[in-house]
1. Rounded if a/c is under 1.5, else prolate if a/b is larger than b/c, else oblate: which is segment A:8-91, with a ≥ b ≥ c the root eigenvalues of its Cα gyration tensor?
2. Per-residue mean of other chain beta-carbon atoms within 10 angstrom of the beta-carbon, peptide A:159-170?
3. Would you mind ranking A:175, A:137 so that the residue whose beta carbon has the fewest other beta carbons within 10 Å leads the list?
4. Would you order A:211, B:205 from fewest to most other beta-carbon atoms within 10 Å of each residue's own beta-carbon?
5. Report relative contact order for chain B in percent, whole number only (criteria: Cα-Cα under 8 Å, sequence separation at least 6).
6. Could you sort B:20-28, A:138-146 so that the peptide with the highest average Cβ count within 10 Å comes first and the rest follow in order?
7. Seen from all sides and averaged, what is the projected area of the convex hull of the Cα atoms in segment A:63-134, in nm²?
8. Roughly what % antiparallel, to the nearest 5, for the DSSP beta bridges in segment B:33-172?
């Protein structure tokens, strides 16, 4: 027999932030986000604003001109016959460790601890002849945006700076959280019990990564929507994106 | 200056399917999903119904009693001092390859090609003394649910059978798609260009995994919501969950 429960779980919605123009160094990204959110009905307490890393990097000036780069011998090796040694040089400068390579493809660990393709260095959606790098401190970027959005809108929201990462063993990318402010990065189930009273095996859910992935469903890289509001998740907290990086001593894949 | 575009990107919503009772072998899962969806306002053309793997496995009888299992020597080794050798034996029987182990933790490749903790074998939210295994063919499970939902509701929906997977280098789990029906598993950007005319670097987005992760935001393991509707993604197609498994020849982490 069906036990009809009282509806208790709120729906989640993902609202695209449209009409944001192409961004350049020192542009007021928080102001653009606030205006776009206002056009979409306004920010609310507990909303999470997810912003594509590339938008953040551009306003922070994390852009290099390829023509200015002198490639090292190692960069030439990693580029192979098909790659641009100058692009590989930029990737190496952003990396603390090359995890895997098959020229010209490189999977590297960034200074932040993220393991991703090309150390996050990307030529797509970048001005001609340039490469966009990851923000120096994505958590700080998220915190600054959050503070500005609070000042502009009066709404205490969470902010995620997101990027598309590949995954070992699985095809395709999913968006994940690089920087986090005002929300929990992980939902901790340790010690909680299921309906049958068992302690749950899965101890932590990477809720910030799931929110970033949900936002990607509307971001659509080629359509000029660099941000979205994710509403209804109830994850207020003071997490950091670097909590999502597995500590070396727990990492079976290091 | 702001270039106000006409709003073109639909919001996405994630609606929990509540009031579904504890499930057992041969229960009518599609009927329960249909009733819960009707209570939530009904299914619509293009909706994606995301169902937790455990609900699917239970109605398919993919449950074993731990007391019936005789552990092998290898299972005893992998269990170490803290694990249950019978549980490890079940994991080994579900595996084609142990990828990493640190007793009693095992990361294994399943017969489907999924690389995940415990080959997907799980004691949480399972009846006392039992373990729940992954469905034998999650794509077939998704297709059957989709056909039944079409017959019951008249709505042509997509179906995803989801599970929580860990990821190398990142903390916490995110839900991913094991089985897929009626939607594209991957959104292919190969050959498409960004606003500046560059061919995009990221070639495929694992949209089914992002939809599964979005659904997890309302599924909440401990709260008895085994399914959700994800609405507004526009991913109709004929993808399969096994497309999300990286082919060995492209896998840098094999």
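1. prolate
2. Shielding by partners across A:159-170 averages 6.
3. By the 10 Å Cβ count, ascending, the order reads A:137, A:175.
4. Ordered from fewest to most neighbouring Cβ atoms within 10 Å, A:211, B:205 come out as B:205, A:211.
5. 25 percent
6. Going from most to least packed, we get A:138-146, B:20-28.
7. Mean projected area of the Cα convex hull: 4.3 nm².
8. 75 percent
None of the figures in this text is laboratory data; all of them are computed from the coordinates on show. Keep in mind the model is a prediction, meaning the values are calculated, not measured. In this analysis, Cβ positions are derived from the backbone assuming ideal geometry, glycine residues included, and neighbour counts consider all displayed protein chains.
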